[in-house]
Amino acid sequence: MQEELFVSLLELKKGTIAVIHRLNGGKGISARMSGLGLYEGKRIRVISTAPFSGPLMVEDLSSGARIMIGRGIASRVEVTVEAESK
């Protein structure tokens, strides 16, 4: 059985598909992410990462919605990688 490896959303490259595993932080982080439609178990794909500490854009693979996430929040999101970018 293969052990799952969890990484920060910030570590993912453009095009990577992942599943949100955990939101590290208080109720504020969970509420903010839930308001964006992102929660544990949600499949996402990294669309872009802005330079100079800018936000990340991810796509919710179930709805197709594109969502900008600041690096502070993204650093608190643990994911499991499903498919690496090519």
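The values are calculated or read from the model by the stated rules, or taken from the named source; none is laboratory data. Since the model is a prediction, treat every value here as computed from it, not as a measurement. FYI the Cβ positions are ideal-geometry reconstructions off the backbone, even for glycines, and counts take in every protein chain you see.
Taking each residue of segment 50-71 that is under 13 Å from Leu36 (Cα atoms) and looking for partners that are assigned to a helix (DSSP H, G or I) with beta-carbon atoms closer than 9 Å, six or more apart or interchain, yields Val58/Leu9; Val58/Ala74; Ile69/Leu9; Ile69/Met33. Being touching a His at 6+ places or on another chain (Cβ under 9 Å) and more than 16 Å from Ser8 (Cβ to Cβ), is that true of even one residue in segment 38-58? For segment 38-58, residues touching a His at 6+ places or on another chain (Cβ under 9 Å) and more than 16 Å from Ser8 (Cβ to Cβ): present.
From the residues in segment 54-66 that are hydrophobic (A, V, I, L, M, F, W, C) and in a strand (DSSP E or B), which one is surrounded by the fewest Cβ atoms within 10 Å (Cβ to Cβ)?
Pass one, segment 54-66, residues hydrophobic (A, V, I, L, M, F, W, C): 56-58, 61, 65.
Okay, now just the ones that are also in a strand (DSSP E or B), so 56-58.
Numbers: Leu56: 22, Met57: 16, Val58: 28.
Applying the filter and picking the extreme gives Met57.
Conditions (1) modelled with pLDDT of 95 or more; (2) out of contact with any strand residue (DSSP E or B) (no Cβ under 9 Å at 6 or more places or on another chain); (3) not aliphatic (A, V, I, L, M), marked per residue:
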residue	(1), (2), (3)
Val19	yes, no, no
Leu23	no, no, no
Gly35	no, yes, yes
Gly41	yes, no, yes
Val46	yes, no, no
Pro51	no, yes, yes
Val58	yes, no, no
Ala65	yes, no, no
Met68	yes, no, no
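Results for (1) touching a helix residue (DSSP H, G or I) at 6+ places or on another chain (Cβ under 7 Å); (2) assigned to a strand (DSSP E or B); (3) surrounded by 11 or more Cβ atoms within 10 Å (Cβ to Cβ); (4) of a type in the set (A, V, I, L, M, F, W, C), shown as yes or no for each residue.
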position: His21; (1), (2), (3), (4): no, yes, yes, no
position: Leu38; (1), (2), (3), (4): no, no, yes, yes
position: Val46; (1), (2), (3), (4): no, yes, yes, yes
position: Phe52; (1), (2), (3), (4): no, no, no, yes
position: Glu78; (1), (2), (3), (4): no, yes, yes, no
